[in-house]
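Here the structure comes first, spelled out in structure tokens, and everything after it is commentary.
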Amino acid sequence: MLTDITLGQYFPIDSVIHKIDPRAKILFTLFYIILVFLADSYVTYGLVALFSISVVVLSKIKFTVVLKSLKPMLFVIIITAVINVFFTSGTEILWSYKFIKITKTGVVNAVNMALRLIFLVVGSSLLTYTTSPIMLTDGIERLLKPFSKIGLPSHEIAMMMTIALRFIPTLLEETEKIMTAQKSRGADFESGNIIKRAKALIPVLIPLFINSFKRADELATAMECRCYRGGEGRTRLRVLKFGIIDLFSLIIMLVFSILMITFGVLNI
Amino acid sequence: MSIKVENVSFVYGKGTPFEKKAVDDISFCVKKGEFIGLIGHTGSGKSTLIQMLNGLIKPDSGKIFINGCDITADKVNLKEIRSKIGLVFQYPEYQLFEETVYKDIAYGPSNFNKSKEEIDSVINEVISLVGLDSSILEKSPFELSGGQKRRVAIAGVLAMSPDILILDEPTAGLDPAGRNDILACIKNLHEQKGMTVILVSHSMEDIANNVDKIMIVSDAKLVSFDYPSEIFKDSEMLKNIGLNVPQVTRVVNHLKQKGINLGNNIYTVEAAVDAILKYVKEES
Ligand SMILES: Nc1ncnc2c1ncn2[C@@H]1O[C@H](COP(=O)(O)OP(=O)(O)OP(=O)(O)O)[C@@H](O)[C@H]1O
Ligand SMILES: [Mg+2]
């Protein structure tokens, strides 16, 4: 089912990871992504794995859920690995058949890329699993604030993201609803060639678009009725504060970064 | 066509933190030509249950037989089953998509490979059945009023000439006249064509006025499936699951407490009027 997609979904659980300030969490995730690219040895991959697994455990999100988030990316991961195996040149040839060669560098690169992608997906899905969309956009708005000096409409960007995120589940639900309704009128989405299948989607897409436009219109009217007029002078319900958990997570992040840099870059 | 449901259960979002049991071990039997009312509070699993009946949702466990054919088995021809079981969804106007009302109504029957002539005659029939004028056929479905859209959507399902008609709250959000029209049309289909009908509704009045038997679901379970006279005897049970007997029945019960006994089994306004007239005549 469409609504089974877990990527980008939020799981409301009570855990320390959930409580970290969203600004900090976004920055940590960016840092984590950079650090993952420093990994290239047993020790550094071990560190990344240890770090990621501990975060998953602390977040109280089930491992199966995390693994599921990899599913949509599996194809990309496999393709990347395959390309790396076959198209990397190197001196040490492990296996060759006519023009196909597998080199040691190729295999190492493939494993590297696959592992990095897996950790990236896990890390970034954890961000959305543990941060509610509202917190997430709040965090992004605050992080973008400095750029509003140079004309970046940070509040408007954040508001657009909030609305978009808010309506993803609604849209998925609605797609499924319209699909079932058309199926009961004899629509067939599963069989036939690609053109036939694309055509079968028309009865789903048209109502979906029309309803979305209508909803956007209604939402705009509703916001105007409640005197929404952009970010200027707007105060917020939840004021983000730097707390003790944030301090702890900062320390852990720093330790992790230092270890990664020492082992990864300096090769000690 | 008969429907037999055996111990079906269904859980939404299995294995996620949002797991929700929507249908829990429900069994029942509907005979050919019966008019069944399905009632239950919001979120009790009515929509889920009826979507199982034409194979849109596959139960996690249990079996469903339509005319003796097990539709939960692998490799059944669901398309054929769906052509025989017309399902009108909650707020069906969302499914309209074609340029004209005519084309939209024709979508169902043409999916089931009906010929052009057949479709033409069936459309003219159903459009008057749902109480619309045939001048509407060339209009765009998006420029109709809410009530007209609803009727067009219902006509779209009727056009498939189903043997069993299932309607999920067909009167929600309509004015009293529109409501009565649609209910009358359903009743008409049931009586004239002997169609088996399952009507989902929140309104005890709508149900009491029309159906042969009432099915009550509460918290994913089938609480009771019986004739209206039996169901409305037990107003305490109904209250416990957040429902109530029809308003007139409440009035009649109050009168009984005050010493005015109008008799039992009164759950439509017409029956109440008759009973009151009779009572007044006897008293004077
Ligand atoms: N697509 C879905 N995904 C997850 N949960 C769902 C889904 N559809 C329904 N549910 C849940 O299943 C339960 C039963 O829903 P269902 O739609 O069958 O109720 P209903 O009796 O038709 O309610 P209503 O009278 O409001 O239409 C509800 O608690 C609902 O939250
Ligand atoms: Mg429903």
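The values are calculated or read from the model by the stated rules, or taken from the named source; none is laboratory data. Predicted model only: the values in this text are computed from it and were never measured. A quick note on method: Cβ atoms are made from the backbone with ideal geometry, for glycine too, and the neighbour counts reach across all protein chains shown.
Quick look at the values:
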item: B:Phe10, sole failed condition from (1) within 16 Å of ligand 2 (Cβ to nearest atom); (2) surrounded by fewer than 22 Cβ atoms within 10 Å (Cβ to Cβ); (3) free of Cβ contacts under 8 Å to residues at least 60 places away in the same chain; result: (2)
item: Check on B:Lys84, in contact with a Gly (Cβ under 8 Å, 6 or more places away or on another chain) and of a type in the set (Lys, Arg); result: no
item: Unique match (being in a helix (DSSP H, G or I), within 14 Å of another protein chain (Cβ to nearest Cβ) and under 14 Å from the mean Cα position of the chain (by Cα)) among B:Val152, B:Val157; result: B:Val157
item: 2 or more residues in contact with a Phe, Trp or Tyr (Cβ under 8 Å, 6 or more places away or on another chain): qualifying helices (runs of 4 or more DSSP H) within region A:75-192; result: A:104-130, A:154-184
item: Selection from region B:1-39 of residues that are at pLDDT 90 or above and small (Gly, Ala, Ser); result: B:Ser9, B:Ala22, B:Ser27, B:Gly33, B:Gly37
item: Enumeration of residues in region B:149-186 that are surrounded by fewer than 20 Cβ atoms within 10 Å (Cβ to Cβ) and either within 16 Å of ligand 1 (Cβ to nearest atom) or of a type in the set (S, T, N, Q) (or both); result: B:Ser161, B:Ala172, B:Gly173, B:Leu174, B:Asn180
item: Test: residue in region A:221-231 that is away from chain B (no Cβ under 14 Å) and on the phi > 0 side of the Ramachandran plot; result: yes
item: Failed item in (1) within 14 Å of another protein chain (Cβ to nearest Cβ); (2) touching an Asp or Glu at 6+ places or on another chain (Cβ under 7 Å), with A:Ala24 passing the rest; result: (1)
item: Verdict on B:Gly33 being more than 16 Å from ligand 2 (Cβ to nearest atom) and facing chain A (nearest Cβ under 10 Å); result: no
item: Odd one out for B:Lys79, checked against (1) within 13 Å of ligand 2 (Cβ to nearest atom); (2) within 14 Å of another protein chain (Cβ to nearest Cβ); result: (1)
item: First in region A:235-257 and surrounded by 16 or more Cβ atoms within 10 Å (Cβ to Cβ), second anywhere and at pLDDT 90 or above and β-branched (Val, Ile, Thr), Cβ under 7 Å, 6 or more apart; result: A:Asp246/A:Ile20; A:Ser249/A:Ile20
item: A:Lys104 basic (Lys, Arg) and either at pLDDT 80 or above or under 17 Å from A:Ile53 (Cβ atoms) (or both); result: yes
item: Count - residues of region A:158-211 that are away from chain B (no Cβ under 11 Å), aliphatic (A, V, I, L, M) and in contact (Cβ under 8 Å) with a residue 12 or more places away in the chain; result: 8
item: B:Ser203, sole failed condition from (1) more than 16 Å from ligand 1 (Cβ to nearest atom); (2) small (Gly, Ala, Ser); (3) more than 14 Å from chain A (Cβ to nearest Cβ); result: (1)
item: Total residues in region B:17-31, condition surrounded by 16 or more Cβ atoms within 10 Å (Cβ to Cβ) and in contact with an Asp or Glu (Cβ under 8 Å, 6 or more places away or on another chain); result: 1
item: Criterion: among the β-branched types (Val, Ile, Thr), in contact (Cβ under 8 Å) with a residue 60 or more places away in the chain and away from ligand 1 (no atom under 16 Å from the Cβ) - qualifying residue of B:Val130, B:Val217, B:Val197; result: B:Val197
item: Restricting region B:1-19 to residues that are within 14 Å of another protein chain (Cβ to nearest Cβ) and either part of a strand (DSSP E or B) or touching a Ser or Thr at 6+ places or on another chain (Cβ under 8 Å) (or both), the residue that is farthest from A:Phe63 (Cα to Cα); result: B:Phe10
item: Region B:44-61: number of residues that are within 11 Å of chain A (Cβ to nearest Cβ) and of a type in the set (A, V, I, L, M); result: 4
item: Total residues in region B:33-46, condition surrounded by fewer than 22 Cβ atoms within 10 Å (Cβ to Cβ), at negative phi and either more than 15 Å from the chain's Cα centre (by Cα) or within 11 Å of ligand 1 (Cβ to nearest atom) (or both); result: 2
item: Cβ-Cβ under 6 Å pairs, at least 6 apart or on other chains, region B:237-248 side in contact (Cβ under 8 Å) with a residue 12 or more places away in the chain and buried (at least 18 other Cβ atoms within 10 Å of the Cβ), far side in a helix (DSSP H, G or I) and of a type in the set (Val, Ile, Thr); result: B:Val248/B:Val269
item: Any pair with Cβ under 9 angstrom, 6 or more apart, that starts in region A:105-120 at a residue that is within 18 Å of A:Gly46 (Cβ to Cβ) and ends at one that is acidic (Asp, Glu) and surrounded by fewer than 19 Cβ atoms within 10 Å (Cβ to Cβ); result: A:Val108/A:Asp40; A:Asn112/A:Asp40
item: Pair list, Cβ < 6 Å and 6+ apart or interchain, from region B:167-185 residues that are farther than 14 Å from B:Ile198 by Cβ to residues that are within 16 Å of ligand 2 (Cβ to nearest atom) and of a type in the set (Ser, Thr, Tyr); result: B:Arg179/B:Thr171; B:Ile182/B:Thr171
item: Sole residue being within 14 Å of chain B (Cβ to nearest Cβ) and touching a Gly at 6+ places or on another chain (Cβ under 8 Å), chosen from A:Thr29, A:Thr88, A:Thr64; result: A:Thr64
